[in-house]
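First the structure, in the form of structure tokens, and then the observations on it.
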Amino acid sequence: MEAKPIINPIEFEAKKKVLRKEQNKLFVRKIFTNKMLVSGGSIFLFLTLISIFGPFIASYGPYEMTVVERLKGPSADHWFGTDNLGRDLFSRVVNGAKVSMGIGLAVAVITAVVGSIIGLFSAYYKALDNLLMRICDALMAFPAILLAIAIMAALGPNTTNVIISLSIVFTPSVARIVRASALVIREQTYIEAIKSQGAKSWRIIWLHIAPNTLSPLITQATFIFAESIIVEAALSFLGVGVPAPDPSWGNILFDGKLVIFNAWWMIMFPGIFIVLAVLGLNLFGDGLRDLLDPHSA
């Protein structure tokens, strides 16, 4: 009989390292060849940098009023012009980016966490499935903006309540997506094998099912980020969102609606930032979906 070749552990580890490096290079190449991911990520990175460093670049504070300079057009002193109270619009827009994008990020994180918990427990425990999903169906039956307005009317207009209301509005959609993925994973053979070995339910849910739902969850979170920015702007525009004088893109649009024919810059600049934020996040989400789930491409 021929002797079986002995595997050299050192050579085996060396080959594993080389293989791991090649896999990392391939993954990085896939990222940079994904046009939607790169373009969306670039736009989002630009807006993030603006929201962080913009207030330090601005020559005026977001609340600083100079009434004699009200409704002045864009100039070297006021890059985006001034609003109806003489406040520097550039300062208000970049500070508003921090507020609007901060709300969107908070809502995306909260809905991802709460929606994951609801979706996982609903998929694993059949007794909870009907109850939790009927509650989600009831919330999803209302248009997002109408439900958000109703919740804000009950809670009152402030930034924290905006985050709470939008989290309630968008959590059911995340729960639905996580539940759909978890139902498929729950029926896999390896889950049955783990159950037969006596593994506890929490271990199966959080260590074996939850990690496999991250791909659709992360993608959906980017879309909710974008939707939250739109709905927050709509709430603030209607006067039930972030209260004045705090700057947010919706508040600036609210101030500009009365002088739209005399001061076009009060509508154009915050509108451009909202469009860029939503466009960048949607492109980034589409690119991320193609990267994490090649079958969807």
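The values are calculated or read from the model by the stated rules, or taken from the named source; none is laboratory data. Remember, it's a predicted structure, so these values are computed and weren't measured experimentally. As a convention, Cβ positions derive from the backbone with ideal geometry for all residues, glycine included, and neighbour counts pool all protein chains shown.
Annotations
- Test: residue in segment 33-49 that is over 21 Å from the mean Cα position of the chain (by Cα) and either surrounded by fewer than 20 Cβ atoms within 10 Å (Cβ to Cβ) or not in a loop (DSSP other than H, G, I, E, B) (or both): yes
- Residues of segment 221-250 that turn out to be of a type outside the set (Gly, Ala, Ser) and within 19 Å of Ala150 (Cα to Cα), as a count: 11
- Residues of segment 106-161 satisfying the condition of being within 16 Å of Leu238 (Cα to Cα) and touching a residue at least 12 places away in the same chain (Cβ under 8 Å): Ala144, Ile145, Leu147, Ala148, Ile149, Ile151, Met152, Ala153, Pro157, Asn158, Thr159
- Residues of segment 101-112 include at least one that is crowded, with 21+ Cβ neighbours inside 10 Å, out of contact with any Asp or Glu (no Cβ under 7 Å at 6 or more places or on another chain) and either among the polar types (S, T, N, Q) or part of a strand (DSSP E or B) (or both).
- Selected residue (criterion: farthest from the chain's Cα centre (by Cα)) from residues of segment 166-195 that are among the polar types (S, T, N, Q) and under 17 Å from Val113 (Cβ atoms): Ser181
- For Leu26, the stated conditions do not hold, so it cannot be described as among the aliphatic types (A, V, I, L, M), modelled with pLDDT of 85 or more and within 28 Å of the chain's Cα centre (by Cα).
- Just one of the listed residues (Leu292, Leu288, Leu207) is under 26 Å from Ala180 (Cα atoms), of a type in the set (A, V, I, L, M, F, W, C) and free of Cβ contacts under 8 Å to residues at least 12 places away in the same chain, and it is Leu207.
- Residues located in segment 166-184, provided they are closer than 30 Å to Ser236 by Cα and free of Cβ contacts under 8 Å to residues at least 40 places away in the same chain: Ile168
- Qualifying residue in segment 33-40 (condition: within 29 Å of Ser100 (Cα to Cα), in contact with a helix residue (DSSP H, G or I) (Cβ under 6 Å, 6 or more places away or on another chain) and modelled with pLDDT under 85): yes
- Index of the failed condition, Leu217 passing every other in (1) within 20 Å of Asp290 (Cα to Cα); (2) modelled with pLDDT under 90; (3) of a type outside the set (Val, Ile, Thr): (2)
- Residues being under 30 Å from Ser215 (Cα atoms), aliphatic (A, V, I, L, M), surrounded by 14 or more Cβ atoms within 10 Å (Cβ to Cβ) and in contact with a helix residue (DSSP H, G or I) (Cβ under 8 Å, 6 or more places away or on another chain) are entirely absent from segment 73-95.
- Options Phe223, Phe261, Phe269: the member that is of a type outside the set (Gly, Ala, Ser) and within 28 Å of Ala112 (Cα to Cα): Phe223
- Check on Gly241, closer than 22 Å to Ile50 by Cβ, crowded, with 17+ Cβ neighbours inside 10 Å, under 14 Å from the mean Cα position of the chain (by Cα) and not charged (D, E, K, R): no
- Residue among Asp255, Asp286 that alone is surrounded by fewer than 22 Cβ atoms within 10 Å (Cβ to Cβ) and either more than 25 Å from Thr159 (Cα to Cα) or in contact with a helix residue (DSSP H, G or I) (Cβ under 9 Å, 6 or more places away or on another chain) (or both): Asp286
- Check on Val231, in contact (Cβ under 8 Å) with a residue 60 or more places away in the chain and not charged (D, E, K, R): yes
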